[in-house]
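After the structure tokens below, expect a handful of questions from me.
The values are calculated or read from the model by the stated rules, or taken from the named source; none is laboratory data. Remember, it's a predicted structure, so these values are computed and weren't measured experimentally. Cβ coordinates were reconstructed from backbone atoms using ideal geometry, including for glycine residues, and neighbour counts include every protein chain displayed. When the accessible area is computed, the model is the full protein with side chains, heavy atoms only, and any ligands, DNA or RNA have been set aside. Shrake-Rupley method; radii C 1.70, N 1.55, O 1.52, S 1.80 Å.
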Amino acid sequence: QEQLVESGGGLVQAGESLRLSCAASGRTLTYSFTGWFRQAPGKEREFVASISRSGSIRYYADSAKGRFTISRDNAKNTVYLQMNSLKPEDTAIYSCAASTIGGATGPRSYNYWGQGTQVTVSS
């Protein structure tokens, strides 16, 4: 059974950093992309970053470029999101998702989702 479990969220001040982790179990070798999405209160879910199974292809939302880095450790079946220079507008629930159908940035291309982890950035 596929399972994605996020960790690493919390409350930080603006300018600080957090590293989110997404531990996957199941048929992880079938995942073409693993991504991070976020949803703030009253807003739609938005793409943050994604990484291919090999790690050779990475995509970032404009809001994440230069501040966030996605990486993976296939030996641990874990994908990370290093978030630096956090801003209050980064406050959201961050969810990890896996795609077995080839999607990279669109949430509809992801067929497995974790429960999410709260990230709160105070000003």
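Quickly run through segment 24-73 and pick out the residues that are modelled with pLDDT of 95 or more, surrounded by 14 or more Cβ atoms within 10 Å (Cβ to Cβ) and in a loop (DSSP other than H, G, I, E, B).
Ala40, Arg45, Ala61, Ser63, Ala64, Arg67
I would also like to ask the following. Please determine whether any residue of segment 49-66 is of a type in the set (Val, Ile, Thr) and free of Cβ contacts under 8 Å to residues at least 60 places away in the same chain.
yes
Follow-up question, since we're still on this one. Would you please name the residue that is farthest from Arg72 (Cα to Cα), looking only at residues in segment 7-23 that are polar (S, T, N, Q) and part of a strand (DSSP E or B)?
Gln13
Here's a follow-up. Among the residues of segment 79-100, which ones are open to solvent by 10 Å² or more (accessible area, probe 1.4 Å), over 11 Å from Thr34 (Cα atoms) and part of a loop (DSSP other than H, G, I, E, B)?
Asn84, Ser85, Lys87, Thr91
From (1) assigned to a strand (DSSP E or B); (2) within 17 Å of Leu4 (Cβ to Cβ), pick out the condition that doesn't hold for Lys76.
(1)
What single numbered condition from (1) over 14 Å from the mean Cα position of the chain (by Cα); (2) at positive phi fails to hold for Arg108?
Exception for Arg108: condition (2).
Report the residue count in segment 27-54 for those that are small (Gly, Ala, Ser) and under 15 Å from Tyr110 (Cα atoms).
Qualifying residue count, segment 27-54: 5.
Turning to a different aspect of this structure: On the given criteria, is Ile93 more than 18 Å from Ala40 (Cα to Cα) and hydrophobic (A, V, I, L, M, F, W, C)?
no
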